[in-house]
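Report on one structure; see the data block that follows.
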Amino acid sequence: MDLFKEMAKAVIEGDEEQTVSLAKEALAKGVDPTEAIEKGFAEGMKEIGRLFETLEIFLPQVIISAEAMTAGVEIFRHYLLGKEGDIPKKTVLLGTIQGDVHDIGKNIVKIMLESNGFKVYDLGRDVPVSNFIEKVKELNPDLIGVSALMTTTMVHMPKLMEALQESGLRTKVKIMLGGAPVLPEWAKKIGADGYGESAMEAVRVAKRLVGLQGEGKGDKA
Amino acid sequence: MRDHGKFFDFLEVIKRAESGEILKEADFDKKLGKKALALMKQYEIRYHPESVIPLDDGLADRVYQAAVDLFLDLGVYCTDTQRVMRFTKEELQWALENVPRDVQYGREEETVSVYPRKVEDPRDPICFFSAVGTPVTEEMFLPVARSYAQEPLADTFSGPLITSYKGIPVTSGSPIEVEAAIWNTQMLREAARQSGRPHIGIHNFQSTGEKTDATIASAQEGFGAFPGDGLFVAAIAEMKVDFERLKKVAFLRQSPYVLGALYGPLMGGYAGGPEGTAIALVAHHFLGLLGFSAERHNSFPIHIHHVCNTVREMLWLISIVGQALARNTHLIIVSNAFMASGPCTDMVIDELCAHSLTSTISGWHLNPSAVVKNRYPMRCSGMEPRIHAEVGHQVTKMGFTRREANQIVLKLIEGYEKRIPEAPIGKMFHECYQMDKIRPTDEYESLFAKKKKEWRELGFEVS
Ligand code: B12
């Protein structure tokens, strides 16, 4: 269907006005919102992800496209909320661990998760283990994503695992790890549910962990 | 000892961090991307894959002008206060004119004076041999550090880091970090002594500890950190600083240690492609000069996916940024080498050569080298900086022009660029060094000899 192609194109071009008006058009034509998002906007974002992996485009363009997509998706949500429905979103609590200010990788993961339909609570960088625990209690996310770029900070990851155990939260939430020094075997050893080598893989692993489709090479961690 | 009168008032920096305009961090990031793109267009800055070492002085000057505009317009973001610190054109000019034109490392017979270099400068680059914080085991720390300190071309050196100390994992913010940091300084000075160079400068005597308290705790003569040694303060992301880093500045300004600034913008990241990132990297030097009172400036721009700076776009970026700064300022600028491949591979030797050639001809001093994308434990050795430094010295000896250097670099890149994504990780330190003598293995030495022969065919003679 042409409308879906146009939606994808609007995302690729980062044209927010266009994504908004196409979403309205889809609603007017009675197209199912979930289908429109998946076959339209999400396809565009997939292409953006691919273009970024090969550096045919750079981070600023990725951000603009992600925002255009979000604006379009909001139109659908608004409509559904008016009808007392909503697009169910899986939630991810994301942060760079205590002591670590390396956050660019984490930020890219966030953009990719959001544009793949996840709701992301971004705790930022240098996030103490205790903050993760508090926020899990408060927000009840489906998944926690933790990034560490230093050997001196990745040692806080097993501490987070322990703290989750001790507070009885471990069975309620999945956990995936990432960042350059974190290796899949290590993630597995400390009991994480998943590991992602890149932002694209983070999306695949996240989807699998929350029961959506998707797979990744490090996802057996 | 530093002359405070020659640097921008640091108390003013602190005040501005507390009083500047409030802005959301994400908005600052977006503004950077937009502005860099607009400036790239306005100043007609274009990356050219065949002109890795550009010959166009006008291009270098336009990159410089664009960076001035970017810096004045965007300012510097402080993440702790979420405020933007702004500086005026007059302040920038004043700081650029007043900056000291030399800085000393080391003591007595090991004293080296570092000076601002020029494009195609006939003088040798100063070579800062560095293990760039590669993780190693506690037992291997000393031999690895020695492999750098003992190299004849090492003007100064710095070390790897340990991830566990006496069996306890070194954890950021824990007392063990302070313990390990002190040990780190002591061991580096010990490595200098064991190499027969007790007075050699250690340009960064702390890699294991990172928190400000651990870093400052390790900065004692009693532990082996002497006047003429140094530390680094990093911009925490594109054009951003935070209090943890500014606290190091507050200490270092009053200390006898050389304050180096460190900039690692990611090409493909917030500033965009090679052009935008080049503009941003030049602007980082203004951040370091005004915000950090930096005496020397280290750059490690890297490719966002490959985490190295030996691919074509990265070498272009390094060259144009070096030329822009060397032509327009007296700043002491140093180029950090980030290789994709690992020790004892032919690929790493070619990558080192391309990076060193490009940097040396473009006005930089040399800071070799991070290898294997700077992420694999135990994979680094003093041999990589030796290769890098030999190339750098040879470039000045042969009196290359940019045109000649460009031709050689292009050939080198052609040889390895396809292998970058799957670059070989090479050997661990103890696999490519004879441990009893702390010397490269015959295999590694002959690999280098073989490469030198190949380079001769390209018109580049390294004796
Ligand atoms: C760029 C960089 C910086 C920048 C960071 C900018 C920023 N805001 O992020 C700056 C200059 C600020 C910096 C500062 C420092 N750095 Co630094 N830095 C790097 C470098 C070169 C690249 C990191 C990077 O951004 N890569 C690009 C991004 C896109 O990749 P990524 O982060 O790996 O993320 C991808 C994947 O890993 C994955 N991913 C990431 N997170 C997550 C999370 C989940 C859940 C999943 C599934 C996936 C995932 O997806 C991402 C996108 O594809 C690394 C070396 C390396 N090889 O990693 C050193 C490195 C991490 N830094 C290091 C050091 C020592 C420092 C400093 C201490 C330097 C200093 N002396 O001041 C400070 C530390 C500050 C602190 N407390 O954190 C060391 C750490 C050593 C160690 N102890 O392990 C490294 C390894 C370099 C080295 N050997 O010295 N650094």
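Read the figures in this text as sums done on the coordinates, not as results from a lab. Keep in mind it's a predicted model, so treat the numbers as computed, not measured. Note that we place each Cβ from the backbone using ideal geometry, even for glycine, and neighbour counts take in every protein chain shown.
The figures follow:
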item: Cα shape, segment A:91-209, gyration tensor, a/c 1.5 rule; result: rounded
item: Fewest-first ranking of B:Phe128, A:Phe58, B:Phe223, using other Cβ atoms within 10 Å as the exposure measure; result: B:Phe223, A:Phe58, B:Phe128
item: Qualifying aspartates and glutamates (Cα of each under 13 Å from Cα of B:Lys211; at least 8 residues distant if same chain); result: A:Asp100, A:Asp126, B:Glu177, B:Glu179, B:Asp242, B:Glu244
item: For B:208-219, mean number of other protein chain Cβ atoms within 10 Å; result: 1
item: Set A:Lys172/B:Lys248; B:Lys166/B:Lys450; A:Lys159/A:Lys207 screened for pairs whose C-alpha atoms are more than 30 Å apart; result: A:Lys172/B:Lys248; B:Lys166/B:Lys450
item: Model label zone, A:Leu80; criterion: amide N under 18 Å from point 7 Å along Cα-to-beta-carbon; scope segment A:28-56; result: A:28-45
item: Listed residue (B:Ser174, B:Thr185, B:Ser207) projecting farthest to the positive dipole end of segment B:153-208, Cβ model; result: B:Thr185
item: Cβ-based net charge around B:Ala38, under 14 Å, with every Lys or Arg adding one and every Asp or Glu removing one; result: +2
item: Fewest-first ranking of B:Met40, B:Met339, using other Cβ atoms within 10 Å as the exposure measure; result: B:Met40, B:Met339
item: Separation of alpha-carbon centers, segment A:22-49 and segment A:57-129, rounded to whole Å; result: 18 Å
item: Leading residue at positive end of dipole, segment B:393-463 (Cβ point charges), from B:Leu410, B:Gly426, B:Ser446; result: B:Leu410
item: Förster-model FRET efficiency, 45 Å R0, B:Lys453 and B:Ala26, C-beta, rounded to 0.05; result: 0.30
item: Spatially near lysine pairs across segment A:1-89, Cα under 23 Å, sequence gap of 8 or more or different chains; result: 17
item: For segment A:2-82, with +1 on Lys and Arg beta carbons and -1 on Asp and Glu, the positive-most of A:Gly82, A:Gly14, A:Gly44 along the dipole; result: A:Gly82
item: Cα gyration tensor shape of the protein assembly as shown, rounded if a/c is under 1.5, else prolate or oblate by comparing a/b with b/c; result: prolate
item: Proximal lysines to B:Lys451, defined as alpha-carbon separation beneath 20 angstrom and excluding residues fewer than eight positions away on the same chain; result: B:Lys397, B:Lys411, B:Lys418, B:Lys427
item: Prolate/oblate/rounded call for segment B:189-245, Cα gyration tensor, a/c under 1.5 rounded; result: prolate
item: Shielding by partners, peptide B:382-394 (average Cβ within 10 angstrom, other chains); result: 0
item: Cα-centre dipole for segment B:1-136 with unit charges at Cβ (Lys and Arg positive, Asp and Glu negative), debye to 20; result: 500 debye
item: Mean residue ellipticity (222 nm) of chain B, computed from DSSP H runs ≥ 4 via -39,500 (n - 2.57), nearest 500; result: -14000 deg cm²/dmol
item: Normalised contact order of segment A:152-204, rounded percent, pairs of Cα under 8 Å and 6 or more residues apart; result: 32 percent
item: Counted charge near B:Glu313, where neighbours are those whose Cβ lies closer than 13 Å (Asp, Glu -1; Lys, Arg +1); result: -2
item: Point-to-point label distance, B:Arg193-A:Glu35, nm (Cα→Cβ direction, 7 Å offset); result: 7.8 nm
item: Sequence-distant residues sharing a close amide H with A:Lys119 (under 5 Å, placed H); result: A:Lys90, A:Thr91, A:Val92
item: Dipole magnitude of segment A:91-209 about its Cα centre (Cβ charges: Lys, Arg +1; Asp, Glu -1), debye to nearest 20; result: 300 debye
item: For segment A:91-209: relative contact order, % (alpha-carbon pairs under 8 angstrom, 6 or more apart); result: 29 percent
item: Helical segments meeting 27 Å axial Cα length and Kyte-Doolittle 0.0 threshold in chain A (DSSP H); result: A:59-82
item: Exercise: per-residue mean of other protein chain Cβ atoms within 10 Å, A:105-116; result: 1
item: Residue order, fewest to most surrounding Cβ atoms within 10 angstrom, among B:Arg46, B:Arg375; result: B:Arg46, B:Arg375
item: Cysteines, the protein assembly as shown, no other Cys beta-carbon under 4.7 Å; result: B:Cys78, B:Cys127, B:Cys308, B:Cys353, B:Cys380
item: Nearest-20 debye value, segment A:2-82 charge dipole, Cβ charges on Lys, Arg, Asp, Glu; result: 160 debye
